[in-house]
Amino acid sequence: MRKLLSTAVIAAIAVMAFVPAASAATKTAVTFDGAFMTNGASMWSGEVVSPKTKCALKRVVLIFKQRPGADLKIGSTKAVRVTAAPGYYWAFEKTGYAVKSSEKYYAKVKATDSCAGARSPVLNAVSY
């Protein structure tokens, strides 16, 4: 009986070794306010939200155009602290690129060792 119990304990420990540990990454969210045209350029903007400053400040935000197949990476920028309002905001401008109202865009941040990744909702571009 003792040998059977030891075998069961060893088997349980072996199974637990292959179960991934719960992620300790801090929750993070990225918002996307929209894509719109400015004078000869297109602009995308939003916010990175996290309870930890290190998971929001200077976090790289990737901007994508949704399309069939692989989505098109438009560019990237970093979230910055704005003194006029609480939070960590990002904006990206691309000269010579014209967004169309039929196009859909989203933003995302990749996961790091201590911060979770996130993807914004998909929004249509606004053209004036």
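The values are calculated or read from the model by the stated rules, or taken from the named source; none is laboratory data. All of these numbers come straight from a predicted model, not from anything done at the bench. Don't worry about glycine lacking a Cβ; one is built from the backbone with ideal geometry, like all the others, and counts go over all protein chains shown.
Take the residues in segment 29-61 that are of a type in the set (D, E, K, R) and farther than 12 Å from A118 by Cβ, then tell me which one is modelled with the lowest pLDDT. Show your work before the answer.
So the first thing to find is which residues in segment 29-61 are of a type in the set (D, E, K, R), and the list is 33, 47, 52, 54, 58-59.
Filter again for farther than 12 Å from A118 by Cβ, leaving 33, 52, 54, 58.
On the way: D33: 90, K52: 94, K54: 94, K58: 95.
Here the residue is D33.
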Are there any pairs with C-beta distances below 7 angstrom linking a residue in segment 41-60 that is closer than 13 Å to K110 by Cα to a residue that is assigned to a strand (DSSP E or B) and among the polar types (S, T, N, Q), with the two at least 6 apart or on different chains, and if so which? C55/T26; V60/S76
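Where residues in segment 61-76 are touching a residue at least 40 places away in the same chain (Cβ under 8 Å) and of a type in the set (V, I, T), which of them is nearest to S102 (Cα to Cα)? Let's see the steps before the verdict.
Applying the first criterion (touching a residue at least 40 places away in the same chain (Cβ under 8 Å)) to segment 61-76 yields 61-66.
Okay, now just the ones that are also of a type in the set (V, I, T), so 61, 63.
Values: V61: 23, I63: 17 Å.
For segment 61-76, the residue satisfying everything is I63.
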Would a scan of segment 62-82 turn up a residue that is in contact with a Phe, Trp or Tyr (Cβ under 6 Å, 6 or more places away or on another chain), modelled with pLDDT of 90 or more and among the polar types (S, T, N, Q)? yes
Those residues that are within 20 Å of the chain's Cα centre (by Cα), at pLDDT 50 or above and more than 14 Å from A79 (Cβ to Cβ), I need them from segment 1-28; list them, please. S23, A24, A25, T26, K27
